[in-house]
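Trainee: Please find one structure pasted underneath; my questions will follow.
We did not get these values from a lab; they are worked out from the coordinates using the rules stated. All of these numbers come straight from a predicted model, not from anything done at the bench. Cβ sites come from the backbone with ideal geometry, for glycine too, and all protein chains shown count toward neighbours.
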Amino acid sequence: MKQLIIATKNKGKAEEFKIMFAKYGINAISLLELEEDIPDIEETGSTFEENAALKSEGIMKLLNIPVMADDSGLMIDALDGRPGIFSARYAGEPKDDQANIVKVLKELENVQDPNRTARFVCVLSVSIPGQPTLFKKGSCEGKIALAESGSHGFGYDPIFIPEGYEQTMAELEPNIKNKISHRYHAMVQLEEWIQNLS
Ligand SMILES: O=P(O)(O)OP(=O)(O)OP(=O)(O)OC[C@H]1O[C@@H](n2cnc3c(O)ncnc32)[C@H](O)[C@@H]1O
Ligand SMILES: [Mg+2]
């Protein structure tokens, strides 16, 4: 089976990539599955693109094989686009999805439904030895729920209601999320590259 390394240590992302890449007959292997201890890459960039490149190029240089990375986040209009690139650690270190949700709900306490619009954004970067890094971006429009609900997915899924749905992303079945998500929309644009992967 063909393989592709995904430069992520996020279990939720890794599971979604496994399912999405399996459709192309590719085994998507995250850093959580590698034998060797891979150091954490500091995400010091100021854009999703810069942070994705730090991850895919960093791991590509370490392993000397093609690597894909995902830098993603939640952009809330009423918070001027925050948490954005800081989504993973919005409530501080260590990374805590539940604390992040509590912080966002608190910040939106006095914001009424029509103004709770938001979007998930995902930038995928592909780094191949000797080639320039390739970028694809996807997004998923929606709004922030008044309270959290649902247990699927990860991160902010329990408070994100995608456009056209009444439930949160965490209440929707994973196969639905994987057809509407920011990650899916970025992946679709890489389809040709994925099909030519050897
Ligand atoms: O950098 P890696 O190792 O891939 O893992 P990470 O969790 O730190 O990933 P990011 O730096 O890209 O930060 C993305 C954060 O945005 C949020 N996020 C991204 N995609 C999401 C999704 O599909 N559902 C819910 N939250 C998501 C979630 O809080 C993530 O931790
Ligand atoms: Mg990260």
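Trainee: How high is the FRET efficiency from THR44 to ASP77, r the C-beta distance, R0 41 Å, rounded to 0.05?
Mentor: With a Förster radius of 41 Å, E is 0.95.
Trainee: What nm distance separates the two modelled labels at GLU109 and GLU163, each placed 7 Å from Cα along Cα→Cβ?
Mentor: The two pseudo-label positions are separated by 3.1 nm.
Trainee: Under the 0.36 nm per residue contour assumption, what length would be gained going from the current alpha-carbon distance of VAL102 and SER151 to full extension?
Mentor: Details: separation 49, 0.36 × 49 = 17.64 nm, distance 1.55 nm.
Result for the pair: 16.1 nm of gain on full extension.
Trainee: In units of 2.2 N^0.38 Å, what is the alpha-carbon radius of gyration of the range 2-195?
Mentor: Numbers: Rg = 16.4 Å, N = 194, 2.2 N^0.38 = 16.3 Å.
Rounded to two decimals, the normalised Rg is 1.01.
Trainee: In whole Å, what three semi-axes, largest first, describe the equivalent ellipsoid of the range 93-198 built from its Cα gyration tensor (square root of 5 times each eigenvalue)? List each step's numbers first, then the result.
Mentor: On the way: eigenvalues 180, 48, 32 Å².
Over the Cα atoms of the range 93-198, the ellipsoid semi-axes are 30, 16, 13 Å.
Trainee: For every helix of n ≥ 4 consecutive DSSP H residues, a contribution of -39,500 (n - 2.57) applies; sum these over the chain, divide by its total residues, and give [θ] at 222 nm rounded to the nearest 500 deg cm²/dmol. Working shown, then result.
Mentor: Numbers: 6 runs with 58 residues, N = 198.
My calculation for the chain gives -8500 deg cm²/dmol from helical runs alone.
Trainee: In addition: Would you list VAL111, VAL121 from fewest to most Cβ contacts within 10 Å? If you can, show how the numbers build up before the last one.
Mentor: Details: VAL111 16, VAL121 23.
By the 10 Å Cβ count, ascending, the order reads VAL111, VAL121.
Trainee: Within the range 79-142, report the GluC sites (Glu not before Pro) that DSSP leaves as loop and that have at most 11 other Cβ atoms within 10 Å. Spell out each step's value before the answer.
Mentor: Numbers: sites: GLU107, GLU109, GLU141; in loops: GLU109.
Taking the range 79-142 and a limit of 11 other Cβ atoms within 10 Å, the loop GluC sites (Glu not before Pro) found are GLU109.
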